[in-house]
1. What's the number of the only condition in (1) more than 29 Å from K72 (Cβ to Cβ); (2) modelled with pLDDT of 85 or more that E180 fails to meet?
2. From the list I22, I88, exactly one residue is assigned by TED's automatic domain parsing to the domain that holds I154, of a type in the set (V, I, T) and surrounded by 10 or more Cβ atoms within 10 Å (Cβ to Cβ). Which is it?
3. Going by what's in this entry, would S45 be described as farther than 30 Å from F133 by Cβ, outside the structural domain of V176 (by TED's automatic domain parsing), modelled with pLDDT of 90 or more and among the polar types (S, T, N, Q)?
4. One residue is enough: does segment 106-123 have a residue meeting the conditions hydroxyl-bearing (S, T, Y) and surrounded by 11 or more Cβ atoms within 10 Å (Cβ to Cβ)?
5. Could you tell me whether any residue of segment 77-85 is surrounded by 10 or more Cβ atoms within 10 Å (Cβ to Cβ) and touching a helix residue (DSSP H, G or I) at 6+ places or on another chain (Cβ under 6 Å)?
6. If I filter segment 81-98 for residues that are among the small types (G, A, S) and under 30 Å from S129 (Cα atoms), do I get at least one hit?
7. How many of the residues making up segment 58-90 are of a type in the set (K, R) and touching a residue at least 24 places away in the same chain (Cβ under 8 Å)?
Amino acid sequence: MIIKNKINIFILAFSLVTVALIFVLAGPFLNNIKENSKKFSEQKSQISLIEKRIENVEKFKKIYEGKESNFKQVKSLFVNEFVPIDFIDFIEKTADGLGLLYEISPDPVVKNEKNKWSSLVFGIKSTGSFSNFMKFLEKIENSPYLIKIQDLNINSLIEGKSNIGKVVPADNVGGVISIEVFTNKQ
């Protein structure tokens, strides 16, 4: 029996040493698995968040592509702040087409803290028939630009005198218009 007890004690001791070695060697390995599992879970949630953001960007691109023509139309409402040639050209062609004599001059811009929009102000002196002057006003108001007529003065003219220094026939009117044109900062 002593031999049997010795064998059992040896098997028990060997088993305990084996289990102890497994815990000693496997413990860091199991902790490492636990940490890697936690990192994997965090990365998986980050990937999910990034995928959702990518999906939202793709949706935004589709919406933008559908509305791009509208954005271009809105942008065309504004005059280039530094080179307003298109607007001045529009005024000149409109006045010439109606047979009006005109002078266009930039007016000093008074900065208004209430006005959050950038704008330019033009003064237009014009002479011509009343009906053509009214057509001119209508075309300016319906122009493809975002404008605001600040001031308008119309006077009948005496033959031979004009508000722009040229000789005009009787029954003409002289008008002075102050127009605020909204700009985009390009």
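The values are calculated or read from the model by the stated rules, or taken from the named source; none is laboratory data. Predicted model, so just to flag it, every value in this text is computed and none were measured. For neighbour counting, all protein chains shown are included, and Cβ atoms are generated from backbone atoms with ideal geometry for every residue, glycine included.
1. (1)
2. Going through I22, I88 in turn, the sole match is I88.
3. For S45, the condition - farther than 30 Å from F133 by Cβ, outside the structural domain of V176 (by TED's automatic domain parsing), modelled with pLDDT of 90 or more and among the polar types (S, T, N, Q) - is met.
4. Yes: segment 106-123 contains one or more residues that are hydroxyl-bearing (S, T, Y) and surrounded by 11 or more Cβ atoms within 10 Å (Cβ to Cβ).
5. yes
6. Looking only at segment 81-98, we keep the residues that are among the small types (G, A, S), and these are 95, 97.
Filter again for under 30 Å from S129 (Cα atoms), leaving 95, 97.
Yes, there is a match, as at least one residue in segment 81-98 is among the small types (G, A, S) and under 30 Å from S129 (Cα atoms).
7. In the first step, residues of segment 58-90 are kept if they are of a type in the set (K, R); the result is 59, 61-62, 67, 72, 75.
Applying the additional criterion that residues be touching a residue at least 24 places away in the same chain (Cβ under 8 Å) yields 75.
Of the residues in segment 58-90, 1 are of a type in the set (K, R) and touching a residue at least 24 places away in the same chain (Cβ under 8 Å).
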